[in-house]
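Each value in this text was obtained by applying a stated rule to the coordinates, not by laboratory testing. Here the structure is a predicted model, which means the values were calculated and not measured. We place every Cβ from the backbone using ideal geometry, glycine too, and count neighbours over all the protein chains shown.
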Amino acid sequence: LSRLTIAHLVVQCSDKGLEKVPYGIPYNSRYVLLMNNHIDNIQLDLLNEYLSMEFLVLSNNRLTDGSIEGAFEGIPALRRLYLDRNLLESVPTDLPASLEELRLDNNRLNVMSEGAWANCPGLLVLSLSNNSLGNGNDTLPASVLSPLGSLRTLSLDRNRLASVPLDLPLSIRELYLRGNLIQQFPGEAFVGTSELVILDLSANRLTNHGLLRESLVNATHLESLNLEGNQLKKVPRHLPSSLKTLNLEGNLISSVGKASFLHLPHLEHLGLARNKIARVASGAFRALPVLHQLDLCHNALSQVPRKLPRGLHSVALTHNKIHSVPRDAFCWGGSDPGLSSLVLVQLEHNLIDLGHLDAKAFHCLRGFQMVHFY
């Protein structure tokens, strides 16, 4: 270990061209960093004497299922294990009970069994992104993650899941499913009241038929929902009233009706950019009392939507076909609408002729507000 840095119980052996875990690492080491090497095998029982080891990083090596069998179960204090960017095809089954974070991103995982998690019920963070789970026409086996009753964050981005997994742990607060092949969000995903706060379903194949009335009925704490880049033709109904951020950008939505956003009293940020929206009903956003940011860029609007929420701070309407600004778009509510809360209005790349604008359409805007036409 003459060329390896050892300080404060941290052993830094990364980027050394190592082909195996080196002997001589102090037994009282707490953090052992072995990423970016050529390690293809961990000698059996080699790590069993490391009673203080809390963090082991083996990212970007050449480890296979057989080469790590039995390697970690004898490390009693291990809390964080990074095995991302290796050659694993299945989840290790001999994980220590102390484990709280496991990273298996960028492997070749295609199968998972409930038994894999039996030994680590205290796992809090599990990252399985960039694998082949689901095989394109399936999802994870039902209840496969049920032993993980304390799990808080689950990342399954960029796999091959065709449906949201069933019977997920109710303890999950952050669920990332970006870039799969998901067409269905079954009502059985959460059996009971979920603690879910953040859900990312962007870049999938969800349609309005695949997003069921029961899909999110148990997600009563959900605050952020990302549905960007799907195949939705209408604003989804039956969304949790707890939502604060809703991203519907990059879908196929063509219109927004008066009832599109009912029962979302806490929504603050709404993204509708890059759809095909040509019509927005007057007052379609009025049911959103605390909406601060609204993005309608890259649509097919011919005029600024009427009766926008009074509490809006910014509205983005660039790259539409807007040629008129109705008098009651920003300023409405009788003869004296009061001052608007708007700080930024973006109207660049439209068809507006400033010579034909109705000056009264902007009379409620305060002096420090910015309206961009070019």
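When the alpha carbon gyration tensor of the stretch 143-252 is reduced to an equivalent ellipsoid, the three semi-axes, largest first, read 20, 15, 12 Å.
Loop only by DSSP, 10 or fewer other Cβ within 10 Å of the Cβ. Give me the trypsin sites (Lys or Arg not before Pro) in the stretch 148-225 that pass, ordered by residue number. Intermediate values should be presented prior to the final figure.
Working: sites: R152, R158, R160, R173, R178, R205, R213; in loops: R152, R158, R160, R173, R178, R205, R213.
Of the trypsin sites (Lys or Arg not before Pro), the ones in loops of the stretch 148-225 whose Cβ has at most 10 other Cβ atoms within 10 Å are R213.
Listed by Cβ neighbour count within 10 Å, with the fewest neighbours leading, M112, M35, M53 appear as M35, M112, M53.
With K and R counted +1 and D and E -1, the other residues having a Cβ less than 12 Å from that of R286 yield a net charge of +3. Length, then width, then depth: along the principal axes, the Cα atoms of the stretch 263-374 run 36, 33, 24 Å.
On the principal axes of its alpha carbon atoms, the stretch 219-263 extends 28, 23, 13 Å, with the longest extent given first.
The alpha-carbon atoms of the stretch 256-309 define a convex hull whose volume equals 66 cubic angstrom per residue. Each of F261, G338, L126 was scored by the projection of its Cα onto the charge dipole of the chain, and the greatest displacement toward the positive side belongs to G338; charges sit on the C-beta of Lys, Arg, Asp and Glu. By the Cβ distance rule of under 4.7 Å, the chain has these cysteines without a partner: C13, C120, C297. Between L87 and L46, the modelled label-to-label distance comes to 1.6 nm, taking each label 7 Å out from Cα in the direction of the beta carbon. Charged side chains reduced to their Cβ positions (Lys and Arg at +1, Asp and Glu at -1) give the stretch 263-374 a dipole of some 260 debye around its Cα centre.
In the chain, one over the average inverse separation of all distinct C-alpha pairs is 23.5 Å, which is the Kirkwood hydrodynamic radius.
Report, in debye and to the nearest 20, how large the dipole of the chain comes out about its Cα centre when Lys and Arg carry +1 and Asp and Glu carry -1 on their Cβ. Please report the intermediate quantities before stating the final value.
Working: 33 positive and 34 negative charges, 362 e Å.
Dipole size: approximately 1740 debye.
Can you give me the convex hull volume of the Cα atoms of the stretch 1-154, divided per residue and expressed in Å³?
Numbers: hull volume 15.0 nm³, N = 154.
Roughly 98 Å³ of hull volume per residue.
Only beta bridges with both residues in the chain are counted; by DSSP, about 5 percent of them are antiparallel. Of L78, P309, L216, whose Cα points farthest to the positive end of the dipole of the chain (charges on the beta-carbon: +1 Lys, Arg; -1 Asp, Glu; origin at the Cα centre)? Going by the Cα projections, it comes out as P309.
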